[in-house]
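**Q** Please read through the structure below; I'll follow up with questions.
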């Protein structure tokens, strides 16, 4: 994880040519995503599909204008730089996961994409000294911000009485991005990654107190690591995911809680009583995480079950087998 973070560039370290190259690749990616959304919605929501087709065409227009500007200023060779190479960019959803998104979630995803693009262009314009570059980036920031009525359009056309107020959507999305996503990632990491060392220590030593100390150390250490990693990976300025401190706290605290859940039972001095209690806690933890993924992240329940419950069960079994050996 640290090697990946160290390989990412800070946005403030990019040259003007690299900023243009990043904008070009980002527009190309967003155009592909919008076309994927359009194809996903075409059968059931043809009007919404047409909106996303039009948005993809506009992203293509933006990309061509950026390429023309790059050619005039720097020549035909465009540096290879993508959003995953730059710290602070929120990763786009992989195209193969679009089939699991409904209209409501697609609307939120598109709104977040446009808001992030507008923030990027506004920040990029402030970093440039060339007048023509600054003008184009400012125009693109305004254009991306102008797409903010997309959610309202989709709501009016397809959601009827179930439409949510735009401010409520923004509040909910920000809450999910700042607290739920990093907290859930921390809970999953803490609950699953500490299973093997805790139960290996339990079955290897048969000593409940030492097992608790191993679990405490693993949980606190994992919480500190996850907290710093989350905070350092994205400052939230472009991605819109909110304060890195809040996200780091959410991730770190939930990681620690996830590990302590099945470490605390080993404060019980009787080995088998403590172990059975810990196993019950693990069972509850894994199913709770699967439910949270389904409820807040719209992950299909079967997929969440396979990812969390089955994966956690394998880690648990590995820990017990290693400790017993």
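The values are calculated or read from the model by the stated rules, or taken from the named source; none is laboratory data. Just so it is clear, the model here is predicted, and its values are computed rather than measured. Methodologically, a virtual Cβ is constructed for each residue, glycine included, from the backbone with ideal geometry; neighbour enumeration extends over all protein chains shown.
Every residue, every condition in (1) in a helix (DSSP H, G or I); (2) under 22 Å from the mean Cα position of the chain (by Cα); (3) modelled with pLDDT of 90 or more, yes or no:
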{"residue": "20", "(1), (2), (3)": "yes, no, yes"}
{"residue": "31", "(1), (2), (3)": "yes, yes, yes"}
{"residue": "36", "(1), (2), (3)": "yes, yes, no"}
{"residue": "39", "(1), (2), (3)": "yes, no, no"}
{"residue": "49", "(1), (2), (3)": "yes, no, no"}
{"residue": "59", "(1), (2), (3)": "yes, no, yes"}
{"residue": "66", "(1), (2), (3)": "yes, no, yes"}
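**Q** Based on what the data block shows, is residue 71 exposed (fewer than 14 other Cβ atoms within 10 Å of the Cβ), modelled with pLDDT of 85 or more and in the same structural domain as residue 27 (by TED's automatic domain parsing)?
**A** yes
**Q** Something else: Among the residues of segment 262-279, is there at least one that is under 22 Å from residue 221 (Cα atoms), touching a helix residue (DSSP H, G or I) at 6+ places or on another chain (Cβ under 6 Å) and not in a helix (DSSP H, G or I)?
**A** yes
**Q** Right, here's the next one. Taking the criterion of being free of Cβ contacts under 8 Å to residues at least 60 places away in the same chain, buried (at least 23 other Cβ atoms within 10 Å of the Cβ) and either outside the structural domain of residue 106 (by TED's automatic domain parsing) or touching a strand residue (DSSP E or B) at 6+ places or on another chain (Cβ under 6 Å) (or both), would at least one residue in segment 184-193 satisfy it?
**A** no
**Q** Still on this structure, I have one more. Going by what's in this entry, would residue 259 be described as assigned by TED's automatic domain parsing to the domain that holds residue 174 and outside any helix (DSSP H, G or I)?
**A** Answer is no for this residue.
**Q** If only one of 232, 217, 237 is without any contact (Cβ under 8 Å) to a residue 12 or more places away in the chain and surrounded by fewer than 20 Cβ atoms within 10 Å (Cβ to Cβ), which one is it?
**A** 217
**Q** Given the condition modelled with pLDDT of 90 or more, over 22 Å from residue 300 (Cβ atoms), part of a helix (DSSP H, G or I) and not assigned by TED's automatic domain parsing to the domain that holds residue 177, answer yes or no: does some residue in segment 74-95 qualify?
**A** yes
Yes/no matrix, rows are residues, columns are (1) at pLDDT 85 or above; (2) over 28 Å from residue 109 (Cβ atoms):
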{"residue": "232", "(1), (2)": "yes, no"}
{"residue": "250", "(1), (2)": "yes, no"}
{"residue": "257", "(1), (2)": "yes, yes"}
{"residue": "274", "(1), (2)": "yes, yes"}
{"residue": "284", "(1), (2)": "yes, yes"}
{"residue": "294", "(1), (2)": "no, no"}
{"residue": "301", "(1), (2)": "no, no"}
{"residue": "320", "(1), (2)": "yes, yes"}
{"residue": "325", "(1), (2)": "no, yes"}
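**Q** Can you name every residue in segment 117-132 that is surrounded by fewer than 22 Cβ atoms within 10 Å (Cβ to Cβ) and touching a residue at least 12 places away in the same chain (Cβ under 8 Å)?
**A** Selection gives 118, 119, 122, 123, 125, 127, 128, 129, 130, 132.
**Q** Mind checking which residues of segment 202-212 are surrounded by 14 or more Cβ atoms within 10 Å (Cβ to Cβ) and either more than 15 Å from residue 264 (Cβ to Cβ) or free of Cβ contacts under 8 Å to residues at least 12 places away in the same chain (or both)?
**A** 203, 204, 205, 207, 210
**Q** Being surrounded by fewer than 21 Cβ atoms within 10 Å (Cβ to Cβ) and closer than 30 Å to residue 8 by Cβ: is that true of residue 243 here?
**A** yes
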